[in-house]
Amino acid sequence: MESLSHIDYRLRRKQFYAEVKNAVAVLPSAEHQVRNPDVTFPFRQESNLYYLTGFEEPHCVALFAPHSKTPFQFFVQPRNKTKELWEGKIWGPEAAKSRFGADAAASSATEIPFDEAFVTAICEAERLYYRVGLDREWDSRIFRLLEVAKKRLGRTGRSLWPIFDPNEVLGEQRLVKTRAELERLEKACEITADAHASAMRLVKPDMYEYEVEALLFHAFRIQGAERLGYGSIVAGGSNACCLHYVANNKRLNEKDLLLIDAGAELDYFTSDITRVFPVGQVFSKEQREIYSAVLTAQKSCIKMARPGKTMRDLHDHATEVLVDELKKLKILKGPTPQIIKKLEHKRYYPHGTGHWLGMDVHDVGRYYAQRLQDPRKLAPGMVFTIEPGLYFGADSDAPAKYKGIGVRIEDDIVITNQGCRVLTSGVPKEIEEIESLRSA
Ligand code: GLY
Ligand code: MN
Ligand code: MN
């Protein structure tokens with residue numbers, strides 16, 4: 001797989017400009033996050049800025065003004081030999097132009113170059129795209145500069161510029177994946193599926209959850225993934241009933257199931273897979289019943305996914321199938337529509353059936369069409385998860401024999417012209433396959 005060339009970033013910017021039109025967009029970089037004094041968490045660029053530039057440094061900001069002579073102005077850290085000795089290469093303003101395609105570039109070491117460029121650009125624009133509320137310092141800087149710009153225009157009667165979230169545009173743009181983006185997602189899914197399959201082979205009773213977490217991380221990294229897409233969930237037994245369990249510090253019991261929800265991130269695209277298998281060699285009767293119920297719902301949803309359907313259709317369908325299965329197991333009673341209307345199923349199925357997937361695990365893009373309550377139709381190139389589950393925590397009101405069982409089965413799929421393609425089929429989910437892997 002070739003790395004994305006600067007032509008790809010230019011094409012993304014071109015598409016972005018076509019939507020932004022006579023507006024200015026400001027995208028500040030991510031900053032180092034302090035972990036503890038003078039140690040920072042590993043740096044990851046803010047997804048939208050990376051998407052448009054491929055630039056991986058903190059302390060920078062992109063100023064887009066498509067209507068101007070310099071549509072892409074980039075303010076980046078200046079070169080600094082001492083800093084580079086300790087922390088590695090800094091590209092600097094020259095490379096921001098020659099290598100990253102900026103039309104103009106300057107240092108971000110002082111505020112003046114950006115502030116001046118912003119005021120000039122916004123005076124000629126109609127709107128501002130800037131994400132308010134993430135960073136107080138940036139918010140107050142932008143609000144102050146808007147006042148400066150308004151004053152500079154004199155007595156024109158111009159009101160303050162309306163501010164839009166850049167995700168209005170970039171969310172939609174990122175939602176439908178290009179071929180190059182799909183290649184990355186596919187690779188991230190392949191790596192992740194392979195790691196889950198390894199875990200399925202290698203887990204032994206009495207291992208600690210963190211040993212499995214380490215095994216997954218090792219499998220991700222040796223296949224070239226840069227990092228995790230989100231904190232791995234490695235949950236033995238009833239820990240699976242805590243939806244975002246990340247402590248991963250308990251010992252695995254041979255009689256329990258193990259739920260693993262983990263995804264590798266490759267070139268800023270992440271996978272998101274959940275599998276559940278016995279810590280021992282086989283499912284117990286009750287574990288098998290719950291697992292089969294979830295698998296039936298999951299496979300039925302995948303069958304349903306195609307252009308024209310909506311995420312809500314899939315969720316409604318998953319809910320109906322799960323309720324029917326719970327009725328067969330005598331865990332719920334009564335007519336299905338009534339159970340759903342009263343939200344009785346939520347005790348055991350408390351979450352949604354899927355989410356967009358891409359650079360962010362819960363990726364950007366609207367789930368609705370015009371109004372919030374109108375679901376949008378799925379279209380080719382959209383990528384999302386299908387992940388129904390059933391959870392019977394220790395203090396749930398489920399029959400005692402099911403208590404402590406938590407099952408979720410999660411695959412990543414892309415909508416195609418005809419239907420959909422599962423990107424994560426490299427890891428087994430059928431009971432027979434899993435049991436034969438576990439006892440091999
Ligand atoms: N791993 C987070 C999720 O499945 O949404
Ligand atoms: Mn998910
Ligand atoms: Mn997940």
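The values are calculated or read from the model by the stated rules, or taken from the named source; none is laboratory data. Here the structure is a predicted model, which means the values were calculated and not measured. Counting neighbours? That spans all protein chains shown, and the Cβs are built from the backbone with ideal geometry, glycine included. Side chains included, ligands, DNA and RNA excluded: accessible areas come from the protein's heavy atoms. Shrake-Rupley method; radii C 1.70, N 1.55, O 1.52, S 1.80 Å.
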- Query: At what distance in angstrom do the alpha carbon centres of the stretch 356-419 and the stretch 173-211 lie from each other?
  - Reply: 17 Å
- List the extent of the Cα atoms of the stretch 28-131 along each of their three principal axes, largest first, rounded to whole Å. 43, 27, 25
- So what does the Cα-only Debye profile of the chain read at q = 0.11 Å⁻¹, as log10 I(q)/I(0), no solvent term? -0.93
- Cα gyration tensor of the stretch 290-440, axes a ≥ b ≥ c as square roots of the eigenvalues: rounded (a/c below 1.5), prolate (a/b > b/c) or oblate? oblate
- Note on the structure: In a Gaussian network model of the chain with springs linking alpha carbons closer than 10 Å, the residue among S159, S284, S292 that fluctuates most is S159
- Query: Taking the Cα centre of the stretch 302-440 as the origin and placing charges on Cβ (Lys, Arg +1; Asp, Glu -1), which of H351, L372, G393 is farthest toward the positive end of the dipole?
  - Reply: L372
- Note on the structure: Cα extents of the stretch 276-348 along the principal axes, largest first, in whole Å, come to 42, 31, 16
- Item | Qualifying aspartates and glutamates (Cα of each under 18 Å from Cα of K303; at least 8 residues distant if same chain) | D313, D316, E320, D324, E325, E387, E410, D411, D412, E430
- Query: If we restrict to alpha carbons, what Rg and Dmax does the stretch 222-331 come to, in Å?
  - Reply: 16.3, 47
- Net charge contributed by nearby residues that have their C-beta within less than 9 Å of L357 (K/R +1, D/E -1): -4
- Build a GNM of the chain with springs between Cα atoms under 10 Å: which of R79, R12, R371 gets the top mean-square fluctuation? R371
- Find the accessible area per residue for the stretch 161-235; the probe is 1.4 Å, ligands and nucleic acids are left out, and the unit is Å². 41 Å²
- Query: Hey, got the Cα dimensions of the stretch 92-179 along the principal axes, in Å, largest first?
  - Reply: 49, 32, 25
- Query: Rounded if a/c is under 1.5, else prolate if a/b beats b/c, else oblate: with a ≥ b ≥ c from the C-alpha gyration tensor eigenvalues square-rooted, which is the stretch 377-440?
  - Reply: oblate
- Message: Within 10 Å of each candidate Cβ there may be at most 15 other Cβ atoms; applying that plus a DSSP loop requirement, which GluC sites (Glu not before Pro) in the stretch 76-131 survive?
- Response: E111, E124, E126
- Only helices counted: for the chain, with every DSSP H run of 4 or more residues adding -39500 (n - 2.57) and the sum spread over all residues, [θ] at 222 nm is -12000 deg cm²/dmol
- Determine the dipole magnitude for the chain: charges of +1 sit on the beta-carbon of Lys and Arg, -1 on that of Asp and Glu, nothing else is charged, the reference point is the Cα centre, and the result goes in debye to the nearest 20. 1060 debye
- Task: Would you please put 384-396, 127-139 in order of how densely packed they are, using the mean number of other Cβ atoms within 10 angstrom per residue and starting with the highest?
- Result: 384-396, 127-139
- For the table K377/K429; K341/K401; K21/K69, the rows whose alpha-carbon distance is greater than 18 Å are K377/K429; K341/K401
